[in-house]
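What follows is one structure encoded as structure tokens, with my remarks underneath.
The values are calculated or read from the model by the stated rules, or taken from the named source; none is laboratory data. This is a predicted model, so every value here is computed, not measured. All Cβ positions, glycine included, derive from the backbone under ideal geometry; neighbour counts span all protein chains shown.
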Amino acid sequence: MTTDSQALTLESLLAVLRSPQLDDRAARTIARDLATSSLVGLRERTDLENDALLEPVVGAFARLRSDLRPLVRFGDLDVQFVEPPVSGRALPGEVAHAARAIVRSAVLAFVDQGSSRRVRIQWDCDGLNLLISIRDDGEGELTGHDDSLAPIAQRVTALKGTFGVESTAGWGSELSVTIPLDPPAPPTPLVDVVDFSPREREVLALLVEGARNHAMATALGISENTVKFHVSNLLRKTGAESRAELISLAR
């Protein structure tokens, strides 16, 4: 179970036990059921996340609502959900899992601040990206450098997405996340982008292998000065400022 899932379960349990709507017996019963449900859900969630390659965006959002239901029902936080379009693209399992974790972490960050009474969660899809917006009505003091948002930043970075925070004092904060639905295209090999001569390609290949001038000259049957000439051309054509940068580009 992830840290944010554990924290959400604990927050929900505390909300149940503190709720003035419930007597002691009812609170204990609901708390026990919640804990049992959480354990069962954890097993099911793990199986689904491991097995499912794609998840309908509406279904992924419904699971998020289910995750947050105890906190919404028994806590003081009013959570408003804006449904994603039914026609939105299905989400890769990794993206769906990360999106739910991001929202859970954000809600917990707002709860920890203690000033939020309302949170609005919206998912959308532009065909290429999952767009997530989480807004609260707190004091508007959150920044992208807050420790409580570090798990979100890490997840978004791992998925090559973007993450931003906008806060207005006295009016609340909004977290905006964009997660690509498709993996980034592999980089085009340098030799397919730059017009190298056959000899330059040979020199570049040896450079990448870590060969020095003398070894390259011996392998290619040319002088070391000729090797230096070809290396100079490689640097000029690629715009690299050093052999190390040239090797890095080639790799």
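Condition check ((1) within 30 Å of Arg117 (Cβ to Cβ); (2) over 37 Å from the mean Cα position of the chain (by Cα); (3) touching a residue at least 12 places away in the same chain (Cβ under 8 Å)) across all residues:
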position	(1), (2), (3)
Thr162	yes, no, yes
Thr168	yes, no, yes
Trp171	yes, no, yes
Asp192	no, no, no
Arg201	no, yes, no
Val208	no, no, yes
Arg212	no, yes, no
Ser223	no, yes, no
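Of everything in the range 189-236 that is charged (D, E, K, R) and within 16 Å of Arg251 (Cα to Cα), the residue that is modelled with the lowest pLDDT is Asp192.
If you filter the range 231-251 down to residues that are loosely packed, with under 11 Cβ neighbours inside 10 Å and free of Cβ contacts under 8 Å to residues at least 40 places away in the same chain, you find that the one that is nearest to the chain's Cα centre (by Cα) is Ala244.
For the range 62-77, which residues satisfy the criterion of being touching a helix residue (DSSP H, G or I) at 6+ places or on another chain (Cβ under 7 Å) and either of a type in the set (Phe, Trp, Tyr) or modelled with pLDDT of 80 or more (or both)? Correct list: Arg63, Leu64, Asp67, Leu68, Pro70, Phe74, Leu77. Scanning the range 48-61 for residues that are modelled with pLDDT of 90 or more and part of a helix (DSSP H, G or I) gives Val57, Val58, Gly59, Ala60, Phe61.
The requirement of being in contact with a strand residue (DSSP E or B) (Cβ under 8 Å, 6 or more places away or on another chain), touching a residue at least 60 places away in the same chain (Cβ under 8 Å) and over 18 Å from Phe163 (Cβ atoms) is satisfied by Arg89.
Quick check, is Gly138 among the small types (Gly, Ala, Ser) and exposed (fewer than 12 other Cβ atoms within 10 Å of the Cβ)? Against the criterion (among the small types (Gly, Ala, Ser) and exposed (fewer than 12 other Cβ atoms within 10 Å of the Cβ)), Gly138 does not qualify. The number of residues in the range 159-185 being of a type in the set (Asp, Glu) and closer than 17 Å to Leu91 by Cβ comes to 1.
The single residue among Arg118, Arg69 that is within 18 Å of Thr9 (Cα to Cα) and either surrounded by fewer than 17 Cβ atoms within 10 Å (Cβ to Cβ) or touching a His at 6+ places or on another chain (Cβ under 6 Å) (or both) turns out to be Arg69. Against the condition assigned by TED's automatic domain parsing to the domain that holds Ala153 and more than 21 Å from Asp146 (Cβ to Cβ), how does Arg100 come out, does it pass? No; evaluated as a whole, the condition is false for this residue. Suppose the filter is in a strand (DSSP E or B) and surrounded by fewer than 18 Cβ atoms within 10 Å (Cβ to Cβ); does Ser133 pass it? Answer is yes for this residue.
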